[in-house]
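Quick notes on the structure that follows.
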Amino acid sequence: MISFSELNANNEESLVCRLSEGREELYDEIFEIVSSFSDSLGEGADFAFCRFEDLLLVRIYDGENYVFVYPIALSDEARDTDALEQIRLYAVREEIPLLFCDVPPEALAVLEDFFRYTEAYGEGD
């Protein structure tokens with residue numbers, strides 16, 4: 001079961017340490033990704049992160065909607081379908097709609113196969 005950790009400008013370093021625990025070789029990559037999101041914190045969105053196997057999961061709350069960034073692979077062996085199932089279960093448990101952003105074009109077919117109802121909104125949405 002996945003559990004997201006909130007990110008704010010003051011806990012960026014400790015969050016990266018927790019995400020890379022036991023996988024120190026991923027530290028720099030995770031730090032770079034988390035730092036890129038923390039730069040946007042001033043815009044009013046809330047960010048939360050979770051590592052699932054070799055994937056980084058990001059949840060964004062924009063004040064109205066929860067949006068999930070398509071799982072970010074941290075290794076060549078990462079399987080995004082396993083993470084998609086965990087995100088789906090999380091959304092059901094929290095009773096929130098399942099919305100993805102930053103979906104790579106090659107992953108659209110995966111989402112359409114994995115979920116009964118999908119709809120794409122423009123390039124990059």
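The values are calculated or read from the model by the stated rules, or taken from the named source; none is laboratory data. Only a predicted model underlies this, so the values are computations on that prediction, with no experimental measurement involved. Note that we place each Cβ from the backbone using ideal geometry, even for glycine, and neighbour counts take in every protein chain shown. The accessibility values were calculated without ligands, DNA or RNA, using every heavy atom of the protein model including side chains. Shrake-Rupley method; radii C 1.70, N 1.55, O 1.52, S 1.80 Å.
Some notes on this structure:
- Residue satisfying condition, being among the hydrophobic types (A, V, I, L, M, F, W, C) and under 12 Å from the mean Cα position of the chain (by Cα), within set Leu108, Leu99: Leu99
- Restricting region 53-71 to residues that are out of contact with any helix residue (DSSP H, G or I) (no Cβ under 7 Å at 6 or more places or on another chain) and assigned to a strand (DSSP E or B) leaves a set whose member that is least open to solvent (accessible area, probe 1.4 Å) is Val69.
- Test result for Asp113, out of contact with any Cys (no Cβ under 7 Å at 6 or more places or on another chain), under 29 Å from Asn11 (Cα atoms) and at pLDDT below 90: no
- Leu98 meets each of the listed conditions (1) in a loop (DSSP other than H, G, I, E, B); (2) without any contact (Cβ under 8 Å) to a residue 12 or more places away in the chain; (3) not basic (Lys, Arg) apart from (2).
- Residue check, Cys50 hydrophobic (A, V, I, L, M, F, W, C), open to solvent by 40 Å² or more (accessible area, probe 1.4 Å) and either assigned to a strand (DSSP E or B) or modelled with pLDDT of 90 or more (or both): no
- Condition met for Glu77 (assigned to a loop (DSSP other than H, G, I, E, B) and over 21 Å from Glu6 (Cβ atoms)): yes
- Selected residue [open to solvent by less than 20 Å² (accessible area, probe 1.4 Å) and assigned to a loop (DSSP other than H, G, I, E, B)] from Ile2, Ile30: Ile2
Residue-wise test of (1) modelled with pLDDT of 90 or more; (2) closer than 25 Å to Leu111 by Cβ; (3) surrounded by 11 or more Cβ atoms within 10 Å (Cβ to Cβ).
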{"site": "Asn10", "(1), (2), (3)": "no, no, no"}
{"site": "Cys17", "(1), (2), (3)": "yes, no, yes"}
{"site": "Ser20", "(1), (2), (3)": "yes, no, yes"}
{"site": "Ala78", "(1), (2), (3)": "no, yes, yes"}
{"site": "Asp82", "(1), (2), (3)": "no, yes, yes"}
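- Contacts under 6 angstrom Cβ, first residue in region 103-125 being closer than 21 Å to Arg59 by Cβ and aromatic (Phe, Trp, Tyr), partner at pLDDT 60 or above and open to solvent by less than 100 Å² (accessible area, probe 1.4 Å), 6 or more apart: Phe114/Leu84
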